[in-house]
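J.: Can you read through this structure? Questions will come right after.
The values are calculated or read from the model by the stated rules, or taken from the named source; none is laboratory data. This one's a predicted model, so the numbers in the text were calculated from it and none came from an experiment. When we count neighbours, we look across all protein chains shown, and the Cβ atoms used for this are built from the backbone with ideal geometry, even at glycine.
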Amino acid sequence: MRRIKLVFSDFHLGKGRLDEYGRINPLEDFHDDRKLIEFLQYYGEKRFFPDEIELVVNGDFFELLVVDEHDLLRDRETEQTALRKLHRIFEGHKEVFDALVEFNSRPRNSITFLPGNHDSGLLWPKVQEALIERLGPSTRIVAGAHNIGPVHIAHGNHHEFAHSYNVRNFSYRDARGEHIFRLPMGDLFVKQFLSIIKRDRPYIDKVKPFTMYLKYAFVNDHFFWSLLFGLARFWLSNRFSRDPVRRREFRLSLNRVRNALTHESMDKAAYNILKSTSYRYVIFGHSHKQVHKRFGAYGEYINTGTWNEVISLQLPHLGQRVERTYVHIDATDEDEPVVRVKRWIGSHQLEEDIAL
């Protein structure tokens, strides 16, 4: 019996492509429901019935930070707010979740979710219960890394200062006795700043590398100054928040500044893991940048990228593209798995809506 692992990440499913008025929803990032359904149906075909297939969703499958305009007014994430948004996502992508249920119903199939920074709400117990109830008992949520023999799988956000949180101490009790998620600085940036900009510039978080866009905007676009002053307001409002936990998160000390400036890149973190452990493969997501790199005798680093649109400003990838990359692991022999990076093509599509 073959043991196949399929790893992908960063879909950011929101409440759906269209809002309640039938208009394009600028806060929805995932527009490839049909392609994902085809993928699930393919690996659910009879040819794979003898195989054990685990779908490893390596973080940020759900957009649990902002799914609609209401969420832009909230900066306190609780178990109930995460649960409400999860059900909105179920409704907005019903056919996708029906396909996941069908895939998961096969006797030897299973689905494993690793919370990322955009769907860290999966750590709440009631959210996990709702997800398992929707997809079936062969669903599990793994907080942290998921290791398969010599393969180390993690979302990767914990290697970046602004997006890291403690999976074992992710909430605190406020003055009213309510449990609040300890949102890292990067998540608050998405909720309070980036998602507001996306209403007018839905492409803003898809541009890679963003530093090149800033250089262009400095000369050609007044947005640069709006961004600069907006960032200042963002930091000040949190640094002097009424919430003491929030104030501590945004304090500027020499130690925090040093950590922010010297934190390891995704590539460096993967290299250190390969060099200091027995793992032969490190698989991350988070960056939305597909990477496959060999570090000599230490092993290989793979980033699964995203199934969402990316706008590259670098040659040779200049322009808009959707890669739909994933990792296929044939783990029949746990000591020597066959690891391949693949791109899902799917069938020909005559037309599709475009988000303006």
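J.: Looking only at segment 176-201, count every residue that is closer than 19 Å to residue 115 by Cβ and either without any contact (Cβ under 8 Å) to a residue 24 or more places away in the chain or assigned to a strand (DSSP E or B) (or both) and tell me the total. It would help to see each step written out before you state the result.
T.: Residues of segment 176-201 that are closer than 19 Å to residue 115 by Cβ, as a first pass: 179-191.
If we keep only those that are either without any contact (Cβ under 8 Å) to a residue 24 or more places away in the chain or assigned to a strand (DSSP E or B) (or both) too, we end up with 179-181.
Total meeting the criteria: 3.
J.: Within 23 Å of residue 103 (Cα to Cα), of a type in the set (Val, Ile, Thr), over 17 Å from the mean Cα position of the chain (by Cα) and crowded, with 19+ Cβ neighbours inside 10 Å, is that true of residue 153?
T.: No: the conditions fail for residue 153.
J.: Does residue 56 qualify as being in contact (Cβ under 8 Å) with a residue 40 or more places away in the chain and in contact with a strand residue (DSSP E or B) (Cβ under 6 Å, 6 or more places away or on another chain)? Can you show your working first?
T.: On the way: in contact (Cβ under 8 Å) with a residue 40 or more places away in the chain: yes; in contact with a strand residue (DSSP E or B) (Cβ under 6 Å, 6 or more places away or on another chain): yes.
Considered against the rule, which asks whether it is in contact (Cβ under 8 Å) with a residue 40 or more places away in the chain and in contact with a strand residue (DSSP E or B) (Cβ under 6 Å, 6 or more places away or on another chain), residue 56 comes out as yes.
J.: Mind telling me which of the residues 225, 235 ends up being within 27 Å of the chain's Cα centre (by Cα) and farther than 18 Å from residue 314 by Cβ?
T.: Details: 225 fails: within 27 Å of the chain's Cα centre (by Cα).
Result: 235 is the single residue among 225, 235 that is within 27 Å of the chain's Cα centre (by Cα) and farther than 18 Å from residue 314 by Cβ.
J.: Right, something else. May I ask you to say which residue of 64, 86, 100 is assigned to a helix (DSSP H, G or I), buried (at least 16 other Cβ atoms within 10 Å of the Cβ) and within 17 Å of the chain's Cα centre (by Cα)?
T.: Numbers: 64 fails: assigned to a helix (DSSP H, G or I); 100 fails: within 17 Å of the chain's Cα centre (by Cα).
Among 64, 86, 100, only 86 is assigned to a helix (DSSP H, G or I), buried (at least 16 other Cβ atoms within 10 Å of the Cβ) and within 17 Å of the chain's Cα centre (by Cα).
J.: Name the pairs: first residue in segment 139-162 and in contact (Cβ under 8 Å) with a residue 12 or more places away in the chain, second residue assigned to a loop (DSSP other than H, G, I, E, B) and basic (Lys, Arg), Cβ to Cβ under 7 Å, at least 6 apart or on different chains?
T.: 150/280
J.: Within segment 202-234, can you find the residues that are among the aliphatic types (A, V, I, L, M), assigned to a helix (DSSP H, G or I) and free of Cβ contacts under 8 Å to residues at least 60 places away in the same chain?
T.: Within segment 202-234, the first condition is being among the aliphatic types (A, V, I, L, M), and the residues that meet it are 204, 207, 212, 214, 217, 219, 227-228, 231-232.
Now restrict to residues that are assigned to a helix (DSSP H, G or I): 212, 214, 217, 219, 227-228, 231-232.
214, 217, 219, 227, 228, 231, 232 - these are the residues of segment 202-234 that are among the aliphatic types (A, V, I, L, M), assigned to a helix (DSSP H, G or I) and free of Cβ contacts under 8 Å to residues at least 60 places away in the same chain.
J.: What are the pairs with Cβ atoms under 8 angstrom where one residue, in segment 25-39, is closer than 23 Å to residue 104 by Cβ and the other, located anywhere, is outside any helix (DSSP H, G or I) and small (Gly, Ala, Ser)? Sequence gap at least six, or different chains.
T.: From segment 25-39, the pairs are 30/14; 34/346; 35/346; 38/346; 38/347; 39/346.
J.: Can you pull out the strands (runs of 3 or more DSSP E) entirely within segment 109-175 that have at least 1 residues that are of a type in the set (D, E, K, R) and at pLDDT below 95? It would help to see each step written out before you state the result.
T.: Details: elements: 109-113, 139-141, 146-148, 151-153, 171-173.
Answer list for segment 109-175: 171-173.
J.: Does residue 233 satisfy the condition of being in contact with a helix residue (DSSP H, G or I) (Cβ under 9 Å, 6 or more places away or on another chain) and closer than 30 Å to residue 176 by Cβ? Even if it seems obvious, please write down each step before you answer.
T.: Numbers: in contact with a helix residue (DSSP H, G or I) (Cβ under 9 Å, 6 or more places away or on another chain): yes; closer than 30 Å to residue 176 by Cβ: yes.
So residue 233 fits the description; yes.
J.: Checking the condition over 20 Å from the mean Cα position of the chain (by Cα) and surrounded by fewer than 21 Cβ atoms within 10 Å (Cβ to Cβ), which residue from 34, 17, 23 passes?
T.: Numbers: 34 fails: over 20 Å from the mean Cα position of the chain (by Cα); 17 fails: over 20 Å from the mean Cα position of the chain (by Cα).
None of the other options fit; the residue is 23.
J.: What pairs can you find where one residue is in segment 7-18 and among the aliphatic types (A, V, I, L, M), the other is assigned to a loop (DSSP other than H, G, I, E, B), and their Cβ atoms are less than 7 Å apart, with a gap of 6+ or different chains?
T.: What qualifies is 7/58; 13/30; 13/61; 13/63; 13/93; 18/25.
J.: Also, quick follow-up: Can you report the number of residues in segment 262-308 which are among the hydroxyl-bearing types (Ser, Thr, Tyr), assigned to a loop (DSSP other than H, G, I, E, B), within 20 Å of the chain's Cα centre (by Cα) and farther than 16 Å from residue 343 by Cα?
T.: Initial filter on segment 262-308 (among the hydroxyl-bearing types (Ser, Thr, Tyr)): 262, 265, 271, 276-279, 281, 287, 298, 301, 304, 306.
Still in the list and also assigned to a loop (DSSP other than H, G, I, E, B): 265, 277-279, 287, 306.
This time we only want the ones that are within 20 Å of the chain's Cα centre (by Cα), so: 265, 287, 306.
Going one step further and asking which of them are farther than 16 Å from residue 343 by Cα, we end up with 265, 287.
Count: 2.
J.: For segment 309-356, which positions are modelled with pLDDT under 90, among the hydroxyl-bearing types (Ser, Thr, Tyr) and either outside any strand (DSSP E or B) or within 21 Å of residue 13 (Cβ to Cβ) (or both)?
T.: 332, 347
J.: Go through segment 40-53 and count every residue that is free of Cβ contacts under 8 Å to residues at least 24 places away in the same chain and assigned to a helix (DSSP H, G or I). Give the derivation first.
T.: If we filter segment 40-53 for residues that are free of Cβ contacts under 8 Å to residues at least 24 places away in the same chain, which is where we start, we get 42, 45-47.
So of that shortlist, the ones also assigned to a helix (DSSP H, G or I) come out as 42, 46-47.
Result for segment 40-53: 3.
J.: Residues being buried (at least 21 other Cβ atoms within 10 Å of the Cβ) and in contact with an Asp or Glu (Cβ under 9 Å, 6 or more places away or on another chain): count how many of those fall in segment 105-142.
T.: Counting residues in segment 105-142 that are buried (at least 21 other Cβ atoms within 10 Å of the Cβ) and in contact with an Asp or Glu (Cβ under 9 Å, 6 or more places away or on another chain) gives 12.
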